[in-house]
Amino acid sequence: MIRMEAAMFLALSLIAMTYFFAGRKNTKLHRTFSVLLIVMLIHLIFDAATVYTVNHMDIIPQLVNDILHKIFIGTMILCVYLFYEYIATLVEGEAGIHRKFSLFSIAYLVFAESWVMLLPVRYKITSDGNYSAGIHIIVCYVSLAVYITLCVGMFIRYWKDIDKKKKTAIGTALVIEITTSFIQALNPTWLISGMGMFLMTLAFYLTLENPEILRSELTEQKMSMLYLKSQVNPHFLYNTLDTIRIQAQLGGDKTVSDMLMRLTDFFRLSVKVDRQMVPLDDELDLSEAYVELMCCRYPEIKCSFDIDPELGGVLVPNFILQPIVENSFIHGLKNKSYRGEIKIIAKRSETNPGFMEIQVVDSGGGFDSQTKENLDEMLLKYNKQKPKLEGNSIGVLNVQKRIKLLLGRESGLRYTENRTGGVTAHLLLKINEKECIK
């Protein structure tokens, strides 16, 4: 038995090393899986230790056996809780909901761990091998039943909202754990205690957490963005426009010269596709160039910026703001004969510490009910749709996908309707203080 625990420990250690050195983004899902890997490794160590000590009770003091078994059972319950946290976080992100039993799951964890540490340990000696028994094992199985029930309940309730790949991974993991737990309950010597949880961890790693999957998704997103920007040759355009601008300036036409300068700036900034993340100031420079050009085209549109200067160095996904601003011009104010106002606001979020919010506010005609419903549905279930290369919502969907991929599921884009008319686009972006450019 100890050999099997050692084999699982070595396999999980290799997985953990690959995972931790892959440079994943610091999202809630990543943090949960990281903690799960560490706790699982600790659990396997105590699993192997208790297998040895319980079968050598003639030479191992009972106090040592009791302490090792309490830690072994405690880490098992913690692992099951972390599996619930991981699955619940996945479902939350897929369905766009907030779970109802978060406080209960934490309170129960504290209760179960306390009882495991306080209750006495009993042992059963059999011809097939010795193992721990008694009330603390009952607490362990009850804990397993509680968290598995919570997982299954969320899984069934939001079945239709979960991506097919994630649905398969969650379903497979739950079946594995339920099956191995049932077999072990029939006879504790038939299977290793950590077998089910090891297989669950392996299932999630291979299907959802493998670094190669993240790299392929990032490549897909970057290729989509490159395709969008390569529909014209921006290098050729901005070099040519700059030449025309100089000629206009020499000819004394300052208005045309200024417009060409802003258009040149726009194309020069828009070709920075070699970086996934850029300072907010760069993203605002691109949007400002675009705004000035559009305001020249539609002189009855007033535009303003209200930017917290402390946020200028915060890294944000490249090319996420201009498509949103463009929608406000082209779609938001179209029904108002291109008259009205557009405000771009960037500030720290008041309701989400550690995040900033960029708002693009227009005074346009707003949404009709069907358009708003379709847009909300698309943004909520962004991960079930491939990056769009054509259509009216091309910018919105690709912006949502890249924000979620690069900053985590807590970040994202949403739209609200203004009481005075028009709509507001809200981009909630996680701030990584360590990566900010000073």
Practice item. Give me the accessible area per residue for region 19-103, probe 1.4 Å, as a whole number in Å². Key: 42 Å²
Review point. Using modelled backbone amide H atoms (1.01 Å from N, in-plane), which distant-in-sequence or interchain residues come within less than 5 Å of V316's amide H?
Key: V278, L280
Study note, to complete from the structure: Given backbone amide H placed at 1.01 Å from N, residues whose amide H is under 5 Å from that of C303, ignoring those fewer than 5 places away on the same chain, are I342
Point to revise | Cα gyration tensor shape for region 290-438, rounded if a/c is under 1.5, else prolate or oblate | key: oblate
Check your understanding: Which whole-angstrom value gives the distance between the alpha carbon centres of region 323-372 and region 19-85?
Key -> 49 Å
Point to revise | Listed residue pairs exceeding 26 Å between alpha carbons, taken from K381/K434; K160/K401; K100/K165; K334/K404; K165/K404; K28/K343 | key: K381/K434; K334/K404; K28/K343
Practice item. Step through the residues of region 316-324 one at a time and calculate ³J(HN,Hα) from phi using the Karplus curve (6.51 cos²θ - 1.76 cosθ + 1.60, θ = phi - 60°), rounding each to whole Hz and writing x for Gly and Pro. Key: 10, x, 5, 6, 9, 8, 4, x, 6
Revision key, fill the gap. Once phi for every residue in region 155-166 is put through the Karplus expression 6.51 cos²θ - 1.76 cosθ + 1.60 (θ = phi - 60°), the whole-Hz ³J(HN,Hα) values, with Gly and Pro written as x, are 4, 6, 4, 10, 3, 5, 8, 8, 4, 4, 5, 5
Check your understanding: Where a ≥ b ≥ c are the square roots of the eigenvalues of the C-alpha gyration tensor, would you call region 78-206 rounded, which needs a/c under 1.5, or, failing that, prolate if a/b is larger than b/c, or oblate?
Key -> oblate
Review point. About its Cα centre, how strong a charge dipole does region 1-106 have in debye, to the nearest 20, once Lys and Arg get +1 and Asp and Glu get -1 at the Cβ?
Key: 440 debye
Check your understanding: Antiparallel as a % of all DSSP beta bridges within region 259-346, to the nearest 5?
Key -> 30 percent
Exercise for review: For region 1-147, give the percent of accessible area contributed by carbon and sulfur heavy atoms, probe 1.4 Å, rounded to a whole number.
Suggested key: 72 percent
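The values are calculated or read from the model by the stated rules, or taken from the named source; none is laboratory data. Values in this document were obtained by computation on a predicted structure and should not be read as measured data. Cβ coordinates were reconstructed from backbone atoms using ideal geometry, including for glycine residues, and neighbour counts include every protein chain displayed. Keep in mind that these areas ignore ligands, DNA and RNA; they rest on the heavy atoms of the full protein, side chains included. Shrake-Rupley method; radii C 1.70, N 1.55, O 1.52, S 1.80 Å.
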